[in-house]
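Novice: Here it is, the structure, as structure tokens.
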Amino acid sequence: MEKLLGVITANYSTKYPSVLSETRPVASLPYLGRYRVVDFALSNMVNAGIRTVGMIMPYNYRSLIDHIGSGRDWDLNRKKGGLFILPGSAFGTSRTGSRFLLRDLEYNKVFLKRSDAEHVILSSASFVYNMDYDKLIEAHKASGADITVVTQPAKGKDADVTGLSVDGTRVHGIKHGVERGEVSFLDCFVIGREFLLQLLNWYEQTDYLDLFEAMAADYERVNVQTYDFEGYVAPIFNKDNYFKSNMDMLDPKISAELFPAGRTIKTKAHDNAPAKFETGSRVSNSRVSGSCRIKGTVSNSILGRNVVVETGAIVNNSIVMQSCVIKTGARVENAIVDRDNVVPAGTELKGTPEAPFIKEKASVE
Amino acid sequence: MSKRECIAMLLAGGQGSRLGVLTKEVAKPAVSFGGKYRIIDFALSNCANSGIDTVGVLTQYRPYLLHNYLGSGSAWNLDESEGGLFILPPYATQTGGAWYAGTADAVTQNLGFIKQNDPEYVLILSGDQLYNMDYQKMLDNHKRHNADLTIAVMPVPWEEASRFGILTTDEDEKILKFTEKPAEPDSNLASMGIYIFNADLLVKTLEEDAEDENSEHDFGKDIIPKLLAAGKRLYTYEYNGFWRDVGTIASYHETSMDLLGTKPDFDLFDTEAPIMSNAGAMPPAYVGPDATVDDCLVGNGSSIYGKAVHSIVSTGAVVGEGAVVQDSVLLPGSEVKAGAHVVRAILGENSVVEAEATLGSSDQSVDIAVIGNDAVVAKEAE
């Protein structure tokens, strides 16, 4: 098996301080009821046989450490290799651009040096997709590129996704934001380990830059090739694409792309009971997590673990995160309700389909 | 509970032959139950929740799935560096070795394990019972009585008492008499097959019993009567919660149905003493646009497009469009295809009921329909 090293830059927030990510990095944002965004990058690596993964931590790491623990749920609690918690920058991590600040890599040169892996796969934890990295490695080796970046044609305008200017499959530069049809950079690339260390030496003086920005003058001598990923991709950069990408999972055809048999997205295990649908509940086109108890009406929604929907309560077109209680007669519509909220009887949380209402995380008493 | 004060020996070698096709390929403790669990989860979780961190699991019948499922014990927080979960299968010796010939014999063959751990007390458990018990309370009771052996009992209806091993006690819970299936019971306290022994006495008694050619090497039949006859201090510990030994298809089905309803007899949602399991990560259940789900437990990774009423839809099970599932248990990965009709049935793991096929009968006088793991029910020819 190819010896690979993984690095996840989990220290990024969004440049929009939405209540959802005020207290968390994007990496630990809940996704589809039971997952966190970081699960996708981590599982992609583990599913490709990578057993040494360095995770560059955000300054507000509590929720992320809580989630990943020793890495056991991803088979990364190992004698040799395993999960390495690496220090990361606190500043510059909500900027636009790709998510590979040189100083983060510079800080952690020792981790790269101590490895004997031939290649390193680096990924941010800001996208949701399930990808077979073996194919990426094959393409990288076949093309003889110095760096192979994972890309996809942009489906629409997105100011937060990094764009690449290309000539065929050869990358000539990066830009902030993409227009429909342009090449989106999915914040993931493979590079020879020794070459990465060499690049870090080249750019030592400009370590406040992102790796792909720092290379601006060097794209003619560094062979950067694109590798198009064809599966489902969701960038998680703002509340709109966060909401949409969750709702996409109500289409079984799309969710089958993200959760194919044989490439499990692993996550922290909890001892939740199965969900309980009581007599009188009405649930349609929804995702319901473990330990939920439903007596009311739920449609077009995603419920996190341990959510209670009481008799006569209505939840429509919403994301309700773990341990919320929607009391009798309450109504939640076009909303994102962060964890631990109790929506009192008879009250209403209502947004529009275009602009979901966000109820922040309830504070811990 | 301090370290090594008490270790558990969990008897998990039984076939559960009356469960028919459900135990054709797996031991009874490994049979799926309750939407996401396997039967052994309950005893293992009780151990973990009671602070017992050293558990020997004695396996024998079709152990592959069971061993695979137990793994390192980490799912039950039993991957301890000093203690933890130990799988104890029958083994070969210089003189040949033997299968476990009875409940007591299974423990006798693993006295080495007990001696090595050198506990004060040994808790003997069965891996095929469903209940939520704090063994610490039972141990406290054992110590309070300064007992040699404590047997967990539960009151059963008097008219059913003659089906059980019945213990007659004095006012202070001291056991006066043990009668296996008495015709005319003078007590309704049934043995649950859960014992706490003083370790020294257990070792000595089992070593003696091993030499006894007339013994069947069974705790109920041999060990308890011997200790009673020897005048040892035997006490009961009364338990009044939910407890089932799902011995038959009918009782498996009935116990599954007991998990449903507004106030179920057995609360899987207990957060103080959660039932832990070694479940894989699957996405939340999906309920389709035209689905009806009424009084059901629904596991992760399942999809319901049709109608599910008063049923258990386990991890990864599928109810197709227009299909109807009622009063049934769909074990993990089973699929009821479009337009099929399943009533009062148990579907084995990864089994399939083909489109438009039917299985089971709503007629209460007809036995519960059951199909084994990977079985396929085709549509009957017109």
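The values are calculated or read from the model by the stated rules, or taken from the named source; none is laboratory data. All of these numbers come straight from a predicted model, not from anything done at the bench. As a convention, Cβ positions derive from the backbone with ideal geometry for all residues, glycine included, and neighbour counts pool all protein chains shown. Surface areas here come from the heavy atoms of the whole protein model, side chains and all, with no ligands, DNA or RNA. Shrake-Rupley method; radii C 1.70, N 1.55, O 1.52, S 1.80 Å.
Novice: Just checking, how many residues over segment B:301-331 are more than 21 Å from A:GLY296 (Cα to Cα), more than 9 Å from chain A (Cβ to nearest Cβ) and part of a loop (DSSP other than H, G, I, E, B)?
Specialist: 9
Novice: Can you tell me which residue within segment B:342-370, out of those that are assigned to a loop (DSSP other than H, G, I, E, B) and open to solvent by less than 10 Å² (accessible area, probe 1.4 Å), is nearest to B:PHE33 (Cα to Cα)?
Specialist: The initial filter retains those residues of segment B:342-370 that are assigned to a loop (DSSP other than H, G, I, E, B), namely B:344, B:348-351, B:354-357, B:360-368.
Of the ones still in play, those that are also open to solvent by less than 10 Å² (accessible area, probe 1.4 Å) are B:348, B:351, B:357.
Details: B:GLY348: 11, B:SER351: 15, B:ALA357: 25 Å.
Restricting to residues being assigned to a loop (DSSP other than H, G, I, E, B) and open to solvent by less than 10 Å² (accessible area, probe 1.4 Å), the top hit is B:GLY348.
Novice: A follow-up question, please. Report whether or not A:GLU213 is open to solvent by 30 Å² or more (accessible area, probe 1.4 Å), in a loop (DSSP other than H, G, I, E, B) and in the same structural domain as A:ARG72 (by the TED database).
Specialist: no
Novice: Quick check on segment B:94-120: of everything there that is closer than 20 Å to B:ASP212 by Cβ and of a type in the set (S, T, N, Q), which residue is most open to solvent (accessible area, probe 1.4 Å)?
Specialist: Only one residue tops the list, namely B:THR95.
Novice: Now for a different question. Open to solvent by less than 20 Å² (accessible area, probe 1.4 Å), in contact with a Gly (Cβ under 9 Å, 6 or more places away or on another chain) and not acidic (Asp, Glu): does that describe B:GLY339?
Specialist: Considered against the rule, which asks whether it is open to solvent by less than 20 Å² (accessible area, probe 1.4 Å), in contact with a Gly (Cβ under 9 Å, 6 or more places away or on another chain) and not acidic (Asp, Glu), B:GLY339 comes out as no.
Novice: Here's a follow-up. Restrict the check to segment B:278-300 and report whether at least one residue is open to solvent by 30 Å² or more (accessible area, probe 1.4 Å) and closer than 30 Å to B:THR169 by Cα.
Specialist: Looking for residues that are open to solvent by 30 Å² or more (accessible area, probe 1.4 Å) and closer than 30 Å to B:THR169 by Cα, one finds none in segment B:278-300, hence no.
Novice: From (1) within 14 Å of chain A (Cβ to nearest Cβ); (2) under 30 Å from B:LEU330 (Cα atoms); (3) open to solvent by 20 Å² or more (accessible area, probe 1.4 Å), pick out the condition that doesn't hold for B:ILE87.
Specialist: Against the list (1) within 14 Å of chain A (Cβ to nearest Cβ); (2) under 30 Å from B:LEU330 (Cα atoms); (3) open to solvent by 20 Å² or more (accessible area, probe 1.4 Å), B:ILE87 comes up short only on (1).
Novice: Another one. Wholly within segment B:209-300, which strands (runs of 3 or more DSSP E) include no fewer than the required count, namely at least 2 residues that are of a type in the set (Asp, Glu) and within 14 Å of chain A (Cβ to nearest Cβ)?
Specialist: Result: B:292-298.
Novice: Quick one: in segment A:27-45, which of the residues that are part of a loop (DSSP other than H, G, I, E, B) and touching a Pro at 6+ places or on another chain (Cβ under 7 Å) is surrounded by the most Cβ atoms within 10 Å (Cβ to Cβ)? First the steps, then the outcome.
Specialist: Residues of segment A:27-45 that are part of a loop (DSSP other than H, G, I, E, B), as a first pass: A:29, A:32-34, A:37.
Next, from what is left, pick out any that are touching a Pro at 6+ places or on another chain (Cβ under 7 Å): A:32-34.
Values: A:LEU32: 26, A:GLY33: 28, A:ARG34: 26.
Filtering segment A:27-45 for residues that are part of a loop (DSSP other than H, G, I, E, B) and touching a Pro at 6+ places or on another chain (Cβ under 7 Å), the one surrounded by the most Cβ atoms within 10 Å (Cβ to Cβ) comes out as A:GLY33.
Novice: For segment B:341-358, which residues satisfy the criterion of being of a type in the set (A, V, I, L, M) and within 27 Å of the chain's Cα centre (by Cα)?
Specialist: Once the filter is applied, which keeps residues that are of a type in the set (A, V, I, L, M) and within 27 Å of the chain's Cα centre (by Cα), segment B:341-358 yields B:VAL342, B:VAL343, B:ALA345, B:ILE346, B:LEU347, B:VAL352.
Novice: Give segment B:126-157 a look and list any residue that's open to solvent by 40 Å² or more (accessible area, probe 1.4 Å), out of contact with any Asp or Glu (no Cβ under 9 Å at 6 or more places or on another chain) and modelled with pLDDT of 95 or more, or say none.
Specialist: Within segment B:126-157, B:ASP134, B:GLN136, B:LYS137, B:ASP140, B:LYS143, B:ARG144, B:ASN146 qualify.
Novice: May I ask you to verify whether B:VAL309 is at pLDDT 95 or above, surrounded by fewer than 20 Cβ atoms within 10 Å (Cβ to Cβ) and more than 24 Å from the chain's Cα centre (by Cα)?
Specialist: Criteria met by B:VAL309.
Novice: Next question, about the same structure. Could you count how many residues in segment B:158-188 are within 20 Å of the chain's Cα centre (by Cα) and hydrophobic (A, V, I, L, M, F, W, C)?
Specialist: Residues meeting the conditions: 1.
Novice: Let me ask something else about it. Looking at (1) within 22 Å of B:ALA345 (Cβ to Cβ); (2) of a type in the set (Gly, Ala, Ser); (3) assigned to a strand (DSSP E or B), can you tell me which one B:GLY35 breaks?
Specialist: Of the numbered conditions (1) within 22 Å of B:ALA345 (Cβ to Cβ); (2) of a type in the set (Gly, Ala, Ser); (3) assigned to a strand (DSSP E or B), the odd one out for B:GLY35 is (3).
Novice: For the condition farther than 30 Å from A:GLN322 by Cβ, touching a helix residue (DSSP H, G or I) at 6+ places or on another chain (Cβ under 7 Å) and assigned by the TED database to the domain that holds A:ARG193, what is the one hit in A:SER89, A:SER115?
Specialist: One residue alone meets the criteria, A:SER115.
Novice: While we're looking at this one, here's another question. Kindly indicate whether A:LEU349 is surrounded by 16 or more Cβ atoms within 10 Å (Cβ to Cβ) and not in a strand (DSSP E or B).
Specialist: It is false that A:LEU349 is surrounded by 16 or more Cβ atoms within 10 Å (Cβ to Cβ) and not in a strand (DSSP E or B).
Novice: Here is a follow-up. Being closer than 18 Å to B:SER314 by Cα, among the β-branched types (Val, Ile, Thr) and touching a residue at least 24 places away in the same chain (Cβ under 8 Å) is true for just one of B:ILE52, B:ILE40. Which residue is that? Spell out the reasoning first.
Specialist: Details: B:ILE52 fails: closer than 18 Å to B:SER314 by Cα.
Of the residues listed, the single one that is closer than 18 Å to B:SER314 by Cα, among the β-branched types (Val, Ile, Thr) and touching a residue at least 24 places away in the same chain (Cβ under 8 Å) is B:ILE40.
Novice: Quick one: is B:SER334 open to solvent by less than 10 Å² (accessible area, probe 1.4 Å), within 11 Å of another protein chain (Cβ to nearest Cβ), in contact with a Leu (Cβ under 7 Å, 6 or more places away or on another chain) and small (Gly, Ala, Ser)?
Specialist: no
Novice: Also: Among the candidates B:ALA104, B:ALA75, B:ALA98, B:ALA152, which residue alone is in contact with a His (Cβ under 7 Å, 6 or more places away or on another chain) and either of a type outside the set (Phe, Trp, Tyr) or in a strand (DSSP E or B) (or both)? Don't jump to the end; show me each part of the working.
Specialist: Details: B:ALA75 fails: in contact with a His (Cβ under 7 Å, 6 or more places away or on another chain); B:ALA98 fails: in contact with a His (Cβ under 7 Å, 6 or more places away or on another chain); B:ALA152 fails: in contact with a His (Cβ under 7 Å, 6 or more places away or on another chain).
Of the residues listed, the single one that is in contact with a His (Cβ under 7 Å, 6 or more places away or on another chain) and either of a type outside the set (Phe, Trp, Tyr) or in a strand (DSSP E or B) (or both) is B:ALA104.
Novice: Name every residue in segment A:221-256 that is under 30 Å from A:GLY144 (Cβ atoms), touching a residue at least 12 places away in the same chain (Cβ under 8 Å) and among the charged types (D, E, K, R), in order of residue number.
Specialist: A:ASP228, A:GLU230
Novice: Same structure again: On the basis of being within 22 Å of B:ALA291 (Cα to Cα), within 14 Å of chain B (Cβ to nearest Cβ), acidic (Asp, Glu) and more than 23 Å from the chain's Cα centre (by Cα), does A:GLU333 make the cut? Steps first, please.
Specialist: Details: within 22 Å of B:ALA291 (Cα to Cα): yes; within 14 Å of chain B (Cβ to nearest Cβ): no; acidic (Asp, Glu): yes; more than 23 Å from the chain's Cα centre (by Cα): yes.
So A:GLU333 fails the test.
Novice: Quick one: how many residues across segment B:1-35 are within 14 Å of chain A (Cβ to nearest Cβ) and open to solvent by 40 Å² or more (accessible area, probe 1.4 Å)?
Specialist: So the count comes out to 0.
Novice: In addition: Determine which single condition B:ILE52 fails, assuming it passes every other condition in (1) farther than 30 Å from B:GLU208 by Cα; (2) assigned to a loop (DSSP other than H, G, I, E, B); (3) open to solvent by less than 10 Å² (accessible area, probe 1.4 Å).
Specialist: With respect to (1) farther than 30 Å from B:GLU208 by Cα; (2) assigned to a loop (DSSP other than H, G, I, E, B); (3) open to solvent by less than 10 Å² (accessible area, probe 1.4 Å), B:ILE52 is out only on (1).
Novice: Could you list all residues from segment A:270-291 that are touching a residue at least 60 places away in the same chain (Cβ under 8 Å) and farther than 15 Å from B:THR271 by Cβ?
Specialist: A:ARG287, A:VAL288, A:SER289
Novice: Quick one: is B:ILE39 open to solvent by less than 10 Å² (accessible area, probe 1.4 Å), in the same structural domain as B:ASN141 (by the TED database), of a type outside the set (Ser, Thr, Tyr) and more than 16 Å from the chain's Cα centre (by Cα)?
Specialist: The answer is no for B:ILE39.
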